[in-house]
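Nothing in this text is a laboratory measurement; each read-out follows from the coordinates by a stated rule. What you see is a predicted model; the values in this text were computed from it and never measured. A quick note on method: Cβ atoms are made from the backbone with ideal geometry, for glycine too, and the neighbour counts reach across all protein chains shown.
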Amino acid sequence: MAASAGDGRDVALLSELTAAIVGAAEALLAALEKRTAFDEAWQVIRDLEHKGDAVARDVFEGLLAPGAHAVQPDALKALTGYLDDVLDAIEAAAARLVIYRIRRVLPAARELAAVVLESAHELDQAIHQLRAMRDVFPHARTLHRLENRADELLRDAIEALFVRRADVKDLVKWKDICEILEAGTDRCEDIANVLETYLMQTGREDRLVAGGLIMDVGRHEVTVAGRPVALSAKEFGLLHLMLRHQSKVVRRERLLQEVWGEDYFGDTRTLDTHIGWLRKKIEEGGRVRIVAVRSLGYRLDLRD
């Protein structure tokens with residue numbers, strides 16, 4: 001189902017926000033790669049941040065006006081707020097490059113900025129796909145993976161600062177900048193969560209993809225490497241839940257509750273048995289793997 005004319009303006013405004021985020025992220029990375037002076041990049045980013053604030057106001061004011069919104073108001077409000085937060089984080093990082101009078105760039109900070117830029121592009125594509133309400137999930141899942149990557153880079157950055165025995169002032173400055181950039185990717189993941197929840201609640205996206213695995217929710221069909229695979233109702237339910245939360249752990253309790261029902265009190269080993277059957281059917285040809293996380297649950301990952 002495509003977005004209606006009533007919400008076309010809403011999606012257009014969200015697209016303006018993501019375009020501003022992409023521009024700001026490009027300017028920040030250019031500065032950290034020494035292709036642009038810090039103060040020049042900051043000015044460009046400040047202008048984009050001010051534009052983003054104006055666009056966000058337009059969205060919020062539009063929510064007060066009468067009329068239907070195909071994007072639910074709560075989801076629209078959350079998306080706008082988080083997108084504005086991402087833009088604010090990029091501006092805050094750029095400001096600190098100037099205010100702290102940074103001379104030598106920390107490599108990990110440059111890598112973090114590259115992750116922020118990649119996340120910005122995924123946001124832009126996800127919002128673009130929101131118009132047609134299709135193929136949004138792949139971009140949301142990429143945002144989850146990028147946030148995990150940013151977490152790793154932040155840890156590496158802090159470790160590097162201590163290992164090289166950086167000057168205390170430099171340590172404080174770069175820790176601050178790197179934490180701001182990582183926080184920006186956290187907000188990107190929040191946006192991914194909002195998009196996933198919205199699409200599942202409204203039933204707007206029926207096609208879930210991971211590697212060579214495709215699930216058509218509406219038709220209750222699964223193909224692996226282009227070939228149909230017969231799944232039981234329980235196997236389909238387990239796979240559906242893990243595909244919705246690809247690369248994230250789904251707790252055993254939730255899997256049992258949502259697939260077997262809230263009143264299930266049987267042996268939890270039945271879950272492990274069904275997961276084993278599911279692995280045999282999808283892992284090799286689907287280029288995915290179901291990972292058991294001790295004492296917690298299961299996670300569906302793409303194979304390297």
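Brief remarks on what is shown
- Distance between the modelled labels on Ile99 and Leu296, one decimal in nanometres: 3.5 nm (7 Å Cα→Cβ projection).
- Of Leu32, Tyr198, Pro228, farthest towards positive along the dipole that unit charges on Lys, Arg, Asp, Glu beta carbons give the chain: Pro228
- Taking max minus min of the alpha-carbon positions on each principal axis, the chain gives extents of 61, 56, 36 Å, largest first.
- Taking the longest Cα principal axis of the chain as reference, the axis of helix 107-130 is set at about 60 degrees.
- Given +1 at the Cβ of Lys and Arg, -1 at the Cβ of Asp and Glu and no other charges, the dipole of the range 122-213 around its Cα centre is 120 debye to the nearest 20.
- Of the residues Leu63, Val44, Ile127, the one whose Cα sits farthest toward the positive end of the charge dipole of the range 5-202, with +1 on the Cβ of Lys and Arg and -1 on the Cβ of Asp and Glu, is Val44.
- Longest segment of the chain lacking chymotrypsin sites (Phe, Trp or Tyr not before Pro) that sit in a DSSP loop with at most 14 other Cβ atoms within 10 Å: 1-263
- Note on the range 5-202: with charges restricted to the Cβ of Lys and Arg (+1) and Asp and Glu (-1), its dipole about the Cα centre is near 640 debye.
- Given charges at Cβ of Lys, Arg, Asp, Glu: the range 207-302 dipole, positive-most of Gly237, Phe265, Ser247: Ser247
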